[in-house]
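Working notes for the structure below.
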Amino acid sequence: MSEIILETKGLTKHYGGVHALNDANFVLHKGEHVAIMGDNGAGKSTFVRQITGVEQRTSGTVIFDGQEVHFSGPLDAREAGIETVFQTLALADALDVPDNLFLGREKTKFDWLGPFRFLDYKAMRNDTLAALEKTGVKIPNIRNTIQNMSGGQRQCVAIARTASFHSKLTIMDEPTAALGVQETAQVENIIRTLKEQGEPLILISHNMRQVMDLVDRIIVFRRGRIVANLKKEDTDGQDIVAYITGAKTGAEYEGAA
Ligand SMILES: Nc1ncnc2c1ncn2[C@@H]1O[C@H](COP(=O)(O)OP(=O)(O)O)[C@@H](O)[C@H]1O
Ligand SMILES: [Mg+2]
């Protein structure tokens with residue numbers, strides 16, 4: 001088996017009395033694309049938030065790229081090489097598209113006349129146009145602030161951001177839930193490109209067709225626990241739904257090695 005990029009051991013998050021995530025043991029290999037499926041409230045987004053440091057875990061270990069990590073927030077995780085499209089979008093409402101794409105990693109240039117670095121707006125604008133072209137997303141005016149955009153457009157900006165930087169790991173939490181058919185197809189093309197480039201991905205999705213088209217392996221969450229770890233070729237939609245609903249139990253789940 002190839003090298004491991006991400007591993008969680010006993011990852012647990014309780015919100016007071018709500019046991020949102022319990023003892024999640026998960027492994028992702030370099031280059032691998034894995035889907036996380038599960039009913040609403042199963043703990044999928046909670047899992048992502050503990051890995052990326054959006055929240056601090058109750059207990060457990062996260063090992064990323066060979067090192068135990070404890071990110072203080074999503075920017076910290078991004079700096080380490082994890083690019084995430086969150087379910088509730090982490091876009092800054094008052095900023096325009098280029099500013100959102102480069103938030104936390106602005107391009108600068110030297111002014112040879114002085115000791116200061118300046119933001120390189122021209123480079124950022126050009127990279128933004130290239131990134132959007134890659135996603136096929138049409139946004140009439142990229143100087144529009146995010147708060148004036150539709151849900152689909154906002155989602156596309158977030159995905160363009162993910163696709164335009166090389167990262168060690170990409171996580172997408174229901175990236176196409178708010179998108180139309182055409183935009184969904186574009187996002188799926190981005191995911192295929194990541195696969196070709198050998199970049200690993202965790203994709204949270206309810207879309208069975210999409211999952212079966214795109215990933216190598218499927219993890220099922222139910223009531224805060226991982227109940228199945230299935231290679232795509234060993235399963236089908238009916239089997240997965242049985243795990244999601246609890247018709248089939250996860251007795252045979254033995255960790256995702
Ligand atoms: N900040 C929070 N405070 C209290 N309960 C929460 C919080 N966030 C999530 N939960 C609860 O944790 C459980 C898992 O939620 P979530 O991870 O969002 O599920 P999913 O992404 O699989 O739909 C749900 O019961 C949800 O209500
Ligand atoms: Mg969720």
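Structure notes:
Quick grid of which residues meet (1) over 20 Å from the mean Cα position of the chain (by Cα); (2) touching a residue at least 40 places away in the same chain (Cβ under 8 Å):
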| position | (1), (2) |
| --- | --- |
| MET172 | no, yes |
| GLU188 | no, no |
| ILE202 | no, yes |
| SER205 | no, yes |
| ASN229 | no, no |
| ASP236 | yes, no |
| ILE244 | yes, yes |
| LYS248 | yes, no |
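- Top-ranked residue in region 153-175 [being away from ligand 2 (no atom under 16 Å from the Cβ) and assigned to a strand (DSSP E or B); ranked as surrounded by the fewest Cβ atoms within 10 Å (Cβ to Cβ)]: LEU169
- For region 1-19, a residue qualifies if it is under 18 Å from ARG49 (Cβ atoms), surrounded by 15 or more Cβ atoms within 10 Å (Cβ to Cβ) and not basic (Lys, Arg), and the qualifying residues are LEU6, GLU7, THR8, LEU11, THR12, HIS14, HIS19.
- Taking region 27-146 as the region of interest, the strands (runs of 3 or more DSSP E) fully inside it that hold 2 or more residues being modelled with pLDDT under 80 are 108-110, 117-119.
- Given (1) surrounded by fewer than 17 Cβ atoms within 10 Å (Cβ to Cβ); (2) within 16 Å of ligand 1 (Cβ to nearest atom); (3) closer than 16 Å to THR170 by Cα, index of the condition GLY53 fails: (1)
The values are calculated or read from the model by the stated rules, or taken from the named source; none is laboratory data. Keep in mind that this is a model prediction, so the values were computed, not measured. A quick note on method: Cβ atoms are made from the backbone with ideal geometry, for glycine too, and the neighbour counts reach across all protein chains shown.
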